[in-house]
Amino acid sequence: MRTVRDVHVRTVPAPAETVGALLDRLGGDHDPLFPSPVWPPMAFDRPLGVGADGGHGFIRYRVSAHEPGRRVRFDFTDGNGWHEVEVQPLGPDRCRVEHRLESRQPLARQLLWTLALGAVHGTVVEEILDNIERAAVGRVAAPVRRTVRVRLFNRLIWDRPRAVDLPAGAELAHRAFPRTDFQDAWQLALRPGMPTEPEAWKGVLRGASFPVVGRTDEEVLLGQDARHLDFRASIHVADGRVTLGTVVRLHNPAGRLYFALVRRVHPFMARLMLRRTHRRLALAAPSAAERAAQRV
């Protein structure tokens with residue numbers, strides 16, 4: 001195995017106590033630092049402290065050391081390393097924030113680190129430092145930019161919709177027709193900072209000009225009627241999830257023939273549209289530090 005060591009440092013023109021208080025909110029409710037929704041959120045099975053188990057995305061770790069307001073260390077659950085964040089005062093109004101990583105990696109993981117994970121890790125850490133600076137100072141002098149390689153990896157690992165039953169709360173879709181010949185639904189979990197208003201998700205059917213035919217606090221229903229079939233698309237947002245549902249009523253043999261062809265590509269297109277919209281809205285969302293400032 002080869003040991004990878006990585007260090008990121010940022011001098012922040014703010015008191016160490018201010019930055020340390022932000023550090024203690026990592027992984028908690030309204031975390032002002034971890035760059036979600038662009039990246040999977042950091043989450044633990046309990047408040048930040050020694051023994052808390054969790055991680056972000058497929059990276060899993062547990063808290064092995066925590067000095068409130070000063071330092072937190074995470075050990076990877078596979079036993080092959082750790083990473084930590086430390087705040088060091090440099091005077092009454094300046095401090096140094098340092099993120100260190102040490103990981104023992106087999107050959108295959110080394111290759112993945114070289115091709116993608118190293119660049120992604122560096123970007124995520126720099127975005128955390130950006131949020132520290134943004135939250136403590138109110139602005140970022142030189143925010144990190146995501147490279148083409150990082151953006152590509154972000155796209156590749158983005159959450160994929162799963163098939164579910166049409167939610168009971170999607171009342172407009174359930175009542176759309178007295179008889180439904182086809183229905184399905186695809187769902188994704190919302191990440192912190194993503195919009196929870198159904199209206200924000202109307203663009204899921206980009207490129208199609210389906211009118212809105214109904215609205216509730218949790219659902220927007222789009223659709224169109226034709227001689228051969230009637231179609232409705234339900235966008236339901238509730239309980240931390242967004243669901244794209246489809247209901248269809250067929251009228252005649254032409255409609256049945258047409259939909260027999262369409263339903264072969266429909267699941268692929270529905271998943272693709274929901275996943276693209278999910279990522280687009282995440283990339284457009286305010287940063288964690290900006291959201292924290294809005295709640296003050």
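Going by Cα centres, the stretch 8-86 and the stretch 191-211 are how many Å apart?
Here the answer is 32 Å between Cα centres.
Quick one: net charge around ALA185, please, counting Lys, Arg +1 and Asp, Glu -1 for every other residue with C-beta under 13 Å from its C-beta.
Result for the local shell: +1.
What is the distance in Å between the Cα centres of the stretch 275-294 and the stretch 106-174?
11
Give the order of TYR258, TYR61 when sorted by the count of other beta carbons within 10 angstrom, beginning with the fewest.
Ranking TYR258, TYR61 by Cβ neighbours within 10 Å, fewest first, gives TYR258, TYR61.
Taking a ≥ b ≥ c as the square roots of the eigenvalues of the Cα gyration tensor of the stretch 37-147, is the shape rounded (a/c under 1.5), prolate (a/b larger than b/c) or oblate?
oblate
For a quick check: sort ILE128, ILE157, ILE59 by the number of other beta carbons within 10 angstrom, fewest at the front.
Least crowded to most crowded, the residues run ILE157, ILE59, ILE128.
How big is the convex hull of the Cα atoms of the chain, per residue, in Å³?
It is 149 Å³ per residue.
Need the full-extension length gain, ALA293 to ASP165, defined as separation in residues times 0.36 nm minus the C-alpha distance. One decimal, nm.
42.3 nm
Please report the net charge: other residues with Cβ closer than 14 Å to the Cβ of HIS266, K and R +1, D and E -1.
Net of charged neighbours comes to +2.
Using r as the Cβ-Cβ distance of ARG179 and ASP217, and R0 as 41 Å, what FRET efficiency do you calculate, to the nearest 0.05?
Plugging the Cβ-Cβ distance into 1/(1 + (r/R0)^6) gives 0.90.
So for the stretch 162-282, Kirkwood radius off the Cα pairs, Stokes-Einstein at 10 °C and 1.306 mPa s: how many µm² s⁻¹?
For the chosen part, D equals 109 µm²/s.
May I ask for the angle, rounded to the nearest 10°, between helix 253-284 and the longest principal axis of the chain, with both axes built from Cα atoms and the value confined to 0 to 90°?
20
Read the figures in this text as sums done on the coordinates, not as results from a lab. Remember, it's a predicted structure, so these values are computed and weren't measured experimentally. Note: ideal-geometry Cβ built from the backbone for every residue, glycine included; neighbour counts use all protein chains shown.
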